[in-house]
Amino acid sequence: MTRLLTAQPALTNAEDVLAEDSKGRRKLLLQIAVVAAIVIVSLWMTGMLDRSRLTSGLPAIGILGTEMFPPDFGRWRDWVGPLVETLAMSIAGTALAVALSLPLGFLAARNTSPNKVIYQVSRVVLNTLRSIPELIMGIIFVAAVGFGMLPGVLALGLHSVGMVGKFFAEAIEHAHPAPIEATEASGATSMQVILHGVLPQVFPQFADVSMYRWEYNFRASTVMGMVGAGGIGTELVGSLRLLDYPQVSAVLLVILACVTVVDILSNMLRAKFR
Amino acid sequence: MDGEVTVLLGPSGAGKSTLLRTLNLLTQPSAGHIVTSAGQQLKSRRDIRFHRRDTAMIFQQHQLIGRLSALRNVLMARLGRHSVWSSLAGFSRAEKHLALESLSRVGLFDKALTRCDSLSGGQQQRVGIARALTQEPKLILADEPIASLDPASSDRVMKILRDVCREDRIPVIVSLHQLDFAKAYADRIIGLCDGDIVFDGPPSALDNAALSRIYGAPADTTN
């Protein structure tokens, strides 16, 4: 679209300009129509347009909902330990992710990568880590190092690198070139340019992504319990297996409360890093 | 006022921008109120919208959408005359012609389909003026329109503003930092200092005594 608009030959006649402008509008409408068509086909393929199936499913959800009510907080004392475990897992996993993403981000950013090969390899590494679901990573690490929080942290951390590293790289690529040039002009080495010209610029975005990922990892670590990686997720899966729905809803509410607290905390930290 | 260029002069923080923004209620006055030439006080949101429709604003930082073409940016001026639905459906042929005419008045007809972020600062400001013209306003407010432009572009922008004022009989109120531009283009100068009017008269009456009232001690005029 950019190139089409700027590369116009000189139009001298108002009608020509308006015709060209309408052509651009029609193209935009066509693009919207194509996207809408793809969305509608996807909805149809996945059964989202199957009204009868959706409406017949509603009562089942209603029954499950009533079985979940009222939530049973009777065992809350047993959940404190796992909650602390989940919190620890999310923090350790995010720390691991950030530690690995810092170097990888700079290697995977076009403007700071030493050369094309390292740039491409870093991108492939990030894509690979992102494409292996954390649940699969959890299973692999449980098999490797046994049950507990350690496999959870490794799985959360490594899977997070795929996204955190990619976002870091993108923030670095969008860093303003002018201050970087000023740093270079002072005779700084390329490492100094990264540390003093790039990092101060992108720090708020790095903090943003890291804090968001911490919140995400807290939620994801509840799922890690399913594969035996400890935390509140183990409690959730336990209650589900016993079909103890009042207890399931109670655990879900506790998780919701914790996610809210983590979200508020990460917002506060983010505001500090501006 | 009719067909008159009024320049607001004053040091940074004197209240030039605040005054301009208050005239179109982008800033709410903390005391007092704005009365239109029809003697109307602006109470409801509807009143304010109709007042803004007749009052075009030109901003220091152009305030254009960079990824849209100059023509599309200029057409935004017509939003006040459309409902939400009709503005989505598109602008009329007459409006598009008016927009193109405004662009050719500021010498940018050939840039009508160019994205605004690939135009120079001076060109962007002229798109801003074309947008103001397309609004068919009864009053034009310009908030430091040349503060970020080079002298040649500044001259061009000020000339266009003065010509519009003279030819279309639209009063223009413009805040400026540059004394020489104020003297060259103003019919009337209003000097502000700390939110007070300390001078009001033709450029010829702007002597050193008046300048020191506006800017304080003469040594301060350099910054």
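The values are calculated or read from the model by the stated rules, or taken from the named source; none is laboratory data. None of these values were measured; they are calculated from a predicted model. Here the Cβ positions follow ideal geometry from the backbone for every residue, glycine too, while neighbour counts run over all protein chains shown.
Since B:L179 meets every condition but one in (1) over 28 Å from B:R49 (Cα atoms); (2) buried (at least 21 other Cβ atoms within 10 Å of the Cβ), which condition does it not meet?
All conditions are met except number (2).
Does the stretch B:185-194 contain at least one residue that is free of Cβ contacts under 8 Å to residues at least 60 places away in the same chain and either within 24 Å of B:R81 (Cβ to Cβ) or away from chain A (no Cβ under 14 Å) (or both)?
Scanning the stretch B:185-194, I find no residue that is free of Cβ contacts under 8 Å to residues at least 60 places away in the same chain and either within 24 Å of B:R81 (Cβ to Cβ) or away from chain A (no Cβ under 14 Å) (or both), so the answer is no.
Please enumerate the residues belonging to the stretch A:217-232 that are buried (at least 20 other Cβ atoms within 10 Å of the Cβ) and assigned to a helix (DSSP H, G or I).
Scanning the stretch A:217-232 gives A:N217, A:F218, A:A220, A:S221, A:T222, A:M224, A:G225, A:V227, A:I232.
Condition (residue is more than 9 Å from every other protein chain (Cβ to nearest Cβ), over 18 Å from B:N24 (Cβ atoms) and either surrounded by fewer than 19 Cβ atoms within 10 Å (Cβ to Cβ) or in contact with an Asp or Glu (Cβ under 8 Å, 6 or more places away or on another chain) (or both)) applied to the stretch B:70-82: is it met by at least one residue?
yes
Have a look at B:L71, B:L19 and point out the one that is part of a helix (DSSP H, G or I) and closer than 30 Å to B:Q178 by Cβ.
B:L19
Please state which one of A:S113, A:S90, A:S56 is assigned by TED's automatic domain parsing to the domain that holds A:V254 and more than 18 Å from A:G233 (Cβ to Cβ).
Answer to the selection: A:S113.
For (1) farther than 19 Å from B:H62 by Cα; (2) assigned by TED's automatic domain parsing to the domain that holds B:G3, each residue gets a yes or a no:
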{"site": "B:S86", "(1), (2)": "yes, no"}
{"site": "B:G90", "(1), (2)": "yes, no"}
{"site": "B:A112", "(1), (2)": "no, no"}
{"site": "B:V127", "(1), (2)": "no, no"}
{"site": "B:A130", "(1), (2)": "no, no"}
{"site": "B:L149", "(1), (2)": "no, yes"}
{"site": "B:A152", "(1), (2)": "no, yes"}
{"site": "B:D168", "(1), (2)": "yes, yes"}
{"site": "B:L179", "(1), (2)": "yes, yes"}
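For (1) under 30 Å from A:G24 (Cα atoms); (2) crowded, with 18+ Cβ neighbours inside 10 Å, each residue gets a yes or a no:
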| position | (1), (2) |
| --- | --- |
| B:L20 | no, yes |
| B:Q28 | no, no |
| B:H33 | no, no |
| B:A38 | no, no |
| B:D47 | no, no |
| B:M57 | yes, yes |
| B:S86 | yes, no |
| B:A94 | yes, no |
| B:H97 | yes, no |
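When you go through (1) of a type in the set (A, V, I, L, M); (2) part of a helix (DSSP H, G or I); (3) under 23 Å from B:I146 (Cα atoms) one by one for B:I65, which number turns out not to apply?
B:I65 satisfies every listed condition except (2).
Under the condition of being part of a helix (DSSP H, G or I), touching a His at 6+ places or on another chain (Cβ under 7 Å) and touching a residue at least 24 places away in the same chain (Cβ under 8 Å), which residue from the stretch A:119-142 is nearest to A:L158 (Cα to Cα)?
Among those that are part of a helix (DSSP H, G or I), touching a His at 6+ places or on another chain (Cβ under 7 Å) and touching a residue at least 24 places away in the same chain (Cβ under 8 Å), it is A:L129.
Do the conditions hold for A:L156, that is, is it modelled with pLDDT under 90 and either assigned to a helix (DSSP H, G or I) or not polar (S, T, N, Q) (or both)?
no
Let me spell it out: the conditions are (1) closer than 21 Å to B:I189 by Cβ; (2) touching a strand residue (DSSP E or B) at 6+ places or on another chain (Cβ under 6 Å), and B:H33 meets all of them except one. Which number is the exception?
(1)
Filtering the stretch B:93-114 down to residues that are outside any helix (DSSP H, G or I) and more than 13 Å from A:D21 (Cβ to Cβ), which residue is nearest to the other protein chains (Cβ to nearest Cβ)?
It comes out as B:L108.
Looking only at residues that are among the small types (G, A, S) and surrounded by fewer than 19 Cβ atoms within 10 Å (Cβ to Cβ) in the stretch A:69-124, which one is nearest to A:V251 (Cα to Cα)?
Result: A:G74.
What is the one condition in (1) of a type outside the set (S, T, N, Q); (2) within 28 Å of A:I63 (Cα to Cα); (3) in a helix (DSSP H, G or I) that A:L243 does not satisfy?
That leaves (3) as the condition not met.
Which one of the conditions (1) in a helix (DSSP H, G or I); (2) farther than 14 Å from A:T86 by Cα does A:E235 fail to meet, given that it meets all the rest?
Against the list (1) in a helix (DSSP H, G or I); (2) farther than 14 Å from A:T86 by Cα, A:E235 comes up short only on (2).
Here is a list of conditions, (1) touching a Ser or Thr at 6+ places or on another chain (Cβ under 6 Å); (2) in contact (Cβ under 8 Å) with a residue 40 or more places away in the chain; (3) away from chain A (no Cβ under 14 Å), and B:P29 meets all of them except one; can you say which number that is?
It is condition (2) that B:P29 fails.
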